[in-house]
Structure formats: C-alpha cells, structure tokens
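First up is the structure itself, then whatever we jot down about it.
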Amino acid sequence: MKEKGPIKRIVHCVKKIIPAGTISVIVASLFFANAPSAFGKPQKKPAGSSQGNPDPLVNAAMKNMESGVWSVKGTVMAKKTIKLQGLLAGEDFDLTMEPGVNPNTPMREIVIKNKGWICSDGETWHATRPDDRLIYNWAHVPIMAGGGISQMPFEKVGTEQRDGQTWLQVRMKVPEKNIKPKELPQYWLVLDSQGQAQYIGHTEMPMFSQARKEVMYCSFDYSPAKEKIAPPPLGAPVDDKAYGFNDIEQHKFDWKGRVVRLEVTPKILESKQIGEDTYRGFFKDTATPSHYGVVEFPHDALVKLGFLKKIVSGAHASEDLEKMGALGRTDGNPVSFYVEVIPIGEKPAARAVAVGARLMRDPDGSIGYTWDSDEKQTAESPPAPAARDASDGDLVNRGIEKAKNGDLDGAIADFNRAAELNPKDDAPYYNRAQARRLKNDTAGAIADYTKAIELGSTNPAAYNNRGNARAENKDRDGAIADYTRAIELKPDYARAYYNRAVLKKEKGDKAGAAADFKRAQKLDPELVSEGSAPDSSSNRGTANGEATGTTVSLLDGKLKLDIPSDFSRDANDPKNPKTLAKFSGPEGAWGEVLRGTHGLTPDKLEGYLKMRVAEYSKGFNWLPKDSHLQWLKKDIVTIDGRKWADWRYVPMLKGTKDYSHSPVYTRFLTTSYTGQLLEITFTSNLNTAPELKQEIDHIMDSVHLEE
C-alpha cells in the first residue's frame, strides 16, 4: 500500500500491503533437504481423519511461545555442526554457540531490548549491536508465529507419550508424491489433556540461508524455562572520572572486574590483530605524562571510535596505517571509552578490555554500554543519554533518527519516554506506530495510530497508514474508511486514492476502483509505474481488460519488471540498503533485486557467472541421492543491447526430464550497472505449481534496463 510519511518528520514509508506469510526478521527460506534424524523415533499411532486439520494446533503452539521464557537446545548443521543452547523470550535472547569465533571457546550473546553483549573468549564481555541476531534467527525461525512456515499446510503423522505428556508429530503437507517425509519440516507438539497445543517440544527442518548461501539442517528442543534472561555481570563504572593507564596499574586489584572510563590522546600509535575478531590498540593516555598502554577491542570498535578508517589484519604502526589509508584522526580533543580491568597475575599490569563507547542508564536503574554514538567521539566525555527532563520534542526527534539508522528498539524507547512526558502530544504515538509497523507489530501500530487520532491529529498520513495496517489484518472495510477520511483531510492525497482503489478492486467494486485509480494517476503519474491502474498500459491484462499484474520501476525508472498479482512487494528494510526491492509470492515463493554488493565490470561478468555456478553446484550437495541439480541455462545473453548472465536451475529426480512439478525453480539475471553488480532473483521455493514457474519466467522476461 502507498504510505505518506509523517507531517512532523518521516520515519519510513511502506508502499505495499505486506502479506501475512512474509518473513521479515530473518534472511532464510525453507527448502527441501534431507533433515537429520536427531530425535528418537516415536511409537506412532495412526493419525486418523477424526483428528482433523493440525494447522490450528501448529499456529496455536507458535502463538503460545510468543510470550514467556523458553529454553532451547539443538544443532545447526551445514559445512560443520554448530551446537546452540540458551533462552528465548520474544525478541530477547541469551544463547551460547559452540564452536564460537575462537577455536575451542563457545561464544555467548545476550540481547535485552535495545542492549546487546557478547563474550567470545569465555571471560570478557563487550557491547554489541542488538540487531546482531544471526544465532537468534536460527533458533527462533522454526517457532515464529506469522512467519512463512506457519502459513504452510501440515498433516498429522502420529502421537507418543513422553514423561506423561502427549506429543503429536506433524509434517509439512505437499502434493509432490516422491518427496521423502524426512525431507520436510516436522514438529512435535506438546498437547494438554484436552488435546490443545501448549508449545513446540521439538522440530527438525532444513533451511536455506540467503546470507550464507547454504542449506542448514536445524534440530531443536524447546521447553518452558524457569530462569529469566539477565544482563552479563558488567556493573556501573567506578565513578564518572576519566583515568589513564597508570591509574589502572595502581588500582588493578581494587578494580578487578570493574569498569572505568579511560581517556587517551586522539591518535592510535599501533593496531594489531590478536584474534579472529579481536584487535589491540596502543595509545598514549592524557592523565600521566609519557605514559602508554594497550587496550583490547572487539571487531570494528576502533573504527566506530574514529581511530581507524577500516579494520586491517596484522600489526601496523601509525605510519603504516596512514600509508594504507586506514589511519583515522590524528589530532583533536582526547577520546574516552569504557574498559573492564582484568589483572595479570602479580605483575604491575592489567588487561584493559574495551566494553563500550557510551554508558546507558535506563529509568529502571539498569546499566549498559554501547558502541553507538551520534558521532565519532572527539569530546572529553562520552555522549550522555538524554536527561530525564529532556523535552518530548527532543526525544521524538532523537527517536526518529534512531529509526532511520535501524535502531527500532531504541526509537521506541525514546517515543515511550516522550509520551510519558507529554501524554497529550500525538507525535510520539504516531512515530511509535511507524516503528512498530517496521517491526511487524501490526496490532501495536494500529493502537498507536488510533491514539494519535484520538488526541486530535489531523495528519492524513495517520489515517492512511492505519488503513494499511488494517488491510494487513484483513479489515478491508476499516481500511477503506481510513483512506476515505485521509482523502477528506487532504483531497489531493494520491496514495490514499491508490490504496482505496486496491481494496475496492479486491472487494469486487471495479467501477469504484477504476475511478480511484484514475484519480491517483492524475494526481501522481509516478504511481502508475509503481502501481496498477486498470486502464494502464503498464499492466498485463486478461481478455476482458481486468488487471492481473504490476510494473515495478526501480533505479529512478531505469529498471522495470512486471510483477504478477499474486506477488507483493515487501517493505523496504533500512538495514539492507543494497536490496532495492523484495517480493513475496504464493506459498513461500520470493524474489529480490540487489545492487552494489561488490564491484562488477562487463568484462568480469563471465567470470562471475562461472564462479556462482560452481558455488551453487557445490552448495547443493545436500540433494537426495536419487536427484541432482539440473542447470537449465548458464549463458551470457544480450538484452536491449546490454550483456546479462542468465542462469537458472531446478532440482530433479534422476531419470526424469520433466521439471514442471519440481520445487525450487530458480532464475537469476545478473549484469554490470555503473560498475556495480545488479542481480535479480526469483524462486518458487517449496511451491511446485507449473503455473508459478511460468510466472517467474514472465517476470524475468519482462526485465528492461535503460542506459
């Protein structure tokens, strides 16, 4: 749906109705594969027809696991086996992965709301971004209510008794007859005495990671947890003073395990990599003349603090760093950050392990550290959080900036505080609604839009965007009423006309939809290239003239492709700016348009194609022994005078030639655009319908890129 940004300030604009089955919190899609048989085989009882459809039980179990704290333990198997265990509580988690980034050392990560901590050496904790959620996604995807898997049909396999509980085994139901049962996602649901689902006790399923470009086999056990997720033992700083290396050496035993604020001169003297993801910086402090010391930093903390422009491996003095173009600031005010003091035996020395650039004190009294700051530090003190008496307007503006940078939890926290300071202001509620929409909290967004309207908001975007949220909840009449009110407040509101036209068309009001499409087109002709007016030449149509698809324009109108009506464009993700567009189709089918993931010139296109074909051929060795990956095409072709790599594949059973009913039909088009990669991907995923393959072919055949 088309959205108008807020009048006060904009957080985000979502231009389509997002279908309920869209997965947006992960970068993974389900594929067929041989799932590991890590769970004990039950003594199965036949699942008779009297037991009914298990889909409501699966969804009820997932819904129950949205609240409370859950213990999880299991494995993720790809090129190597990863053990994972810990706690899940909504979007919070405390998970340990083994092996970690360092050999023979587990890695533990904790995220609570907008705070994150990570321990990779088994001893010290560092601040990390709360949106670093890779291991969380592995454990959470299988139980995620509203995700793509929850929209799939299931069939019952049998029941068993475990520790006095009834466990119901179900697996995904597919029309394909030749698929082995263990190649499909399976759940073991824990039922109560009335036969109602309590939670998911065990799951086994294959997943394909878009980020890692490989298939992973997941097997997890879940159960209710008694303990809660708590932050690591990093307390408040010793005091608010800034110290030097000599102070740390003098007080190393008094400050053992404590946090202090260290202040150093602005230029790093040496950078050295001492571990896979750990770096050591050599500095001169400001507290004692001619006194120097070293600090250990995680990952890219030296870059975030401005000491380096980029992370480099090995050991390099400042002169070498400057020649490499990696040296950051060389002068200016002192720089301070927080370190944990760890004594080294009886020697007059101690490890200084950096834990964050900024101290965070929440209203509830909890303490945390973060590497995020509004700008790279140049002041004598790290930037402090907003004071409790900060104005609600300042908090709203700060929240908006956080949302733009992808920190939705931090933004919501600021909007919460702003609403507390001024409960009669509609701006905090409106912007919090926008942030909640981005987090797929549709119900929360509707409540906040409604609150903003009740407080007297005359912002037409509040009605338009609430209409979009209601449309996601299938409340078409409520959505149309909101679009109508938005138009009353702003008669030239093209997006509201467009959105109302879409729903009128869905309700069968062809005349009303045509009138609204026409009005939207007149007010904003660009909507025609993004949308679908019934009389637009940009649409594929049927014999009676009814629209069946949409032409999507990207790259300022230079890239166009036709999208069928059963595909929808997902909301833009500010965390992935290189993804120009993502699309969701029926039963897990999807597509995306990527740009600029790395440099690519036309003369390198053939080499890129060979490399990717080799990667995919090797990466799909998970296919069953009686099947293989069939490359349908892997050629350099010319489209509208431009060279493209056209590559497509489908898994097929050996001895067969007809792939019309095979799953995972996938097509790519790759080219060089302004010296950067431009790649279009569409796949049928689990959907085996021949018609969907024809739709994907139509999409790819419609691609047109102007110079």
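The values are calculated or read from the model by the stated rules, or taken from the named source; none is laboratory data. Since we're looking at a predicted model, the values are computed, not measured. Note that we place each Cβ from the backbone using ideal geometry, even for glycine, and neighbour counts take in every protein chain shown. All accessible areas refer to the heavy atoms of the entire protein, side chains included, with ligands and DNA or RNA removed. Shrake-Rupley method; radii C 1.70, N 1.55, O 1.52, S 1.80 Å.
Sorting Glu488, Glu98, Glu340 by solvent-accessible area of protein heavy atoms yields Glu488, Glu98, Glu340, largest first, with a 1.4 Å probe. The candidates Val294, Val664, arranged from most to least accessible area with a 1.4 Å probe in the full protein assembly, appear as Val294, Val664. The residues of region 560-604 expose on average 47 square angstrom of accessible surface per residue, using a 1.4 Å probe on protein heavy atoms.
Measure up Lys79/Lys558; Lys115/Lys256; Lys439/Lys643; Lys115/Lys578; Lys113/Lys272; Lys522/Lys643 against 30 Å on the Cα-Cα distance and list the ones that go over. Where the Cα-Cα span goes over 30 Å, the pairs concerned are Lys79/Lys558; Lys439/Lys643; Lys113/Lys272; Lys522/Lys643.
When the trypsin sites (Lys or Arg not before Pro) in region 628-707 are filtered for DSSP coil states and for at most 11 other beta-carbon atoms within 10 Å of their beta-carbon, the remaining sites are Lys654, Lys657. Per residue, region 645-698 exposes an accessible area of 33 Å² to a 1.4 Å probe, with every protein chain left in place. Shown here for region 256-298: GluC sites (Glu not before Pro) in loop regions (DSSP other than H, G, I, E, B) with at most 16 other Cβ atoms within 10 Å, namely Glu276. The loop-placed chymotrypsin sites (Phe, Trp or Tyr not before Pro) in region 221-304, going by DSSP, that have at most 10 neighbouring Cβ atoms within 10 Å of their Cβ come out as Phe253.
What shape does region 211-334 have by the C-alpha gyration tensor, where a ≥ b ≥ c are the square roots of the eigenvalues, rounded means a/c under 1.5, and otherwise prolate means a/b greater than b/c and oblate the rest? Since a/c reaches 1.5 but b/c is at least a/b, the shape of region 211-334 is classed as oblate. Atom-type composition of the exposed protein surface of region 225-280 places 44 percent of the accessible area on carbon and sulfur (1.4 angstrom probe). Which shape class, rounded, prolate or oblate, goes with region 418-461 when its Cα gyration tensor gives a ≥ b ≥ c as root eigenvalues, a/c under 1.5 marks rounded, and past that a/b bigger than b/c marks prolate? In terms of gyration-tensor shape, oblate.
In region 644-707, Rg over Rh equals 1.05, where Rg is the alpha-carbon radius of gyration and Rh the Kirkwood radius from pairwise Cα distances.
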